[in-house]
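First the structure, in the form of structure tokens, and then the observations on it.
The values are calculated or read from the model by the stated rules, or taken from the named source; none is laboratory data. Computed from a predicted structure; not experimentally measured. In this analysis, Cβ positions are derived from the backbone assuming ideal geometry, glycine residues included, and neighbour counts consider all displayed protein chains.
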Amino acid sequence: MIAKSLTSGIVAGAAAGLLTGLLQLSFVQPVLLHAELYETGELVHRGAEAVSAQLEWSGIDPVRDGLSLLFSMLIFAGYGLLLSAAMALATADGASISPREGAVWGVCGFVAAQLAPAFSLPPEVPGSAHVDLSDRQVWWYATVAVTAVALWLLAFGRGHWRVPAAVVLLLAPHVIGAPQPEHFEGPVPQEIAALFASRALGAGLAGWVMLGAILAWLRRNAPEDLG
Amino acid sequence: MITALRRKALFDISSRQAAALVCGILGLGLITIAGNVQASALHAAAHDVRHANGFVCH
């Protein structure tokens, strides 16, 4: 059981991470590179001259984009292991989750790991104003954890108390509030920042749905003698 | 006899729970290293992916 959970989590994560990485390189990376031109001052927003909103595709950077694919696979392998852990806890011995149900698991993983933190700390383009990193990381981990617990209560909890309890857990990180900067200082046009945030979340959702479906398929079909 | 049974029950976590524990710890470690550790080489290599996945990056 341990070996099967581990290998299916890692393999599904690597596969979904590769696909998500390609999606990100196609749709998210060009927006990030555009923002970096404003971060470095190569382009200046609201300067003396109007700047074209169009940007030529800068091509593939083999090292940078290759590392991005690699780290996308690593991060999704981490997501896959956590989702595999949750699936192992949720399924009785001998039962399994269908790939369609797995896709719903993926949506829930996306809500916990990406949408919930983004509700108060949106995916940032380079050059955004920010405050102390470790404060935001603590808030990020806490938000992912309590959101995951809330979703678990909604899905598997018993008794009516689970609904108000889940609502409190879902709202708490955002009522307490993420660490916010004192001043705005971002040099990147809002159009680029908004496009980046929505593209990042959209690619993330696609990635998590693929992860959930592939993982459920592997957990169901991988040979049992794997462990 | 009863004591022996109790002791067994205390340590007898199911294989599903053991799998969840091992996967959970490794997954959390992997996400922390790939997504959140700020060592400079790691940060540079993972930079674009961290931004794209909504990790806190800078």
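Please go through region A:40-75 and pick out each residue that is part of a loop (DSSP other than H, G, I, E, B) and either of a type in the set (A, V, I, L, M) or under 18 Å from B:A41 (Cα atoms) (or both). It would help to see each step written out before you state the result.
In the first step, residues of region A:40-75 are kept if they are part of a loop (DSSP other than H, G, I, E, B); the result is A:40-61.
A:L43, A:V44, A:A48, A:A50, A:V51, A:A53, A:L55, A:I60, A:D61, listed by residue number.
Taking the criterion of being assigned to a helix (DSSP H, G or I), β-branched (V, I, T) and more than 7 Å from chain A (Cβ to nearest Cβ), the residues of region B:12-58 that qualify are B:I25, B:T32, B:I33. Of all the residues in region A:177-201, those that are in contact (Cβ under 8 Å) with a residue 12 or more places away in the chain and surrounded by fewer than 15 Cβ atoms within 10 Å (Cβ to Cβ) number 8. Within region A:76-134, being at pLDDT 95 or above, farther than 16 Å from A:Q180 by Cβ and among the hydroxyl-bearing types (S, T, Y) holds for A:Y79, A:S84, A:S98. Exactly one residue out of A:V168, A:V144 is among the hydrophobic types (A, V, I, L, M, F, W, C), more than 12 Å from every other protein chain (Cβ to nearest Cβ) and within 30 Å of A:S84 (Cβ to Cβ), and it is A:V168.
For region A:139-159, the tally of residues that are assigned to a loop (DSSP other than H, G, I, E, B) and either on the phi < 0 side of the Ramachandran plot or buried (at least 18 other Cβ atoms within 10 Å of the Cβ) (or both) stands at 2.
One line per residue, one yes/no per condition, for (1) among the small types (G, A, S); (2) over 22 Å from A:D135 (Cβ atoms); (3) in contact with a Gly (Cβ under 9 Å, 6 or more places away or on another chain); (4) modelled with pLDDT of 90 or more:
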{"site": "B:L5", "(1), (2), (3), (4)": "no, yes, no, no"}
{"site": "B:D12", "(1), (2), (3), (4)": "no, yes, no, no"}
{"site": "B:G24", "(1), (2), (3), (4)": "yes, yes, no, yes"}
{"site": "B:I33", "(1), (2), (3), (4)": "no, no, yes, yes"}
{"site": "B:D48", "(1), (2), (3), (4)": "no, yes, no, yes"}
{"site": "B:H51", "(1), (2), (3), (4)": "no, no, no, yes"}
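Identify, from the list A:L32, A:L23, the residue that is over 30 Å from A:P223 (Cα atoms), facing chain B (nearest Cβ under 9 Å) and of a type in the set (A, V, I, L, M). The conditions single out A:L32. A:I192 falls short on exactly one of the conditions (1) of a type outside the set (D, E, K, R); (2) over 19 Å from A:L115 (Cβ atoms); (3) not in a helix (DSSP H, G or I), and that condition is (3). For region A:114-138, residues that are in a helix (DSSP H, G or I) and within 8 Å of chain B (Cβ to nearest Cβ) total 6. Answer yes if at least one residue in region A:62-72 is within 21 Å of A:T147 (Cα to Cα), within 13 Å of chain B (Cβ to nearest Cβ) and either crowded, with 18+ Cβ neighbours inside 10 Å or within 21 Å of the chain's Cα centre (by Cα) (or both), and no otherwise. No, region A:62-72 contains no residue that is within 21 Å of A:T147 (Cα to Cα), within 13 Å of chain B (Cβ to nearest Cβ) and either crowded, with 18+ Cβ neighbours inside 10 Å or within 21 Å of the chain's Cα centre (by Cα) (or both).
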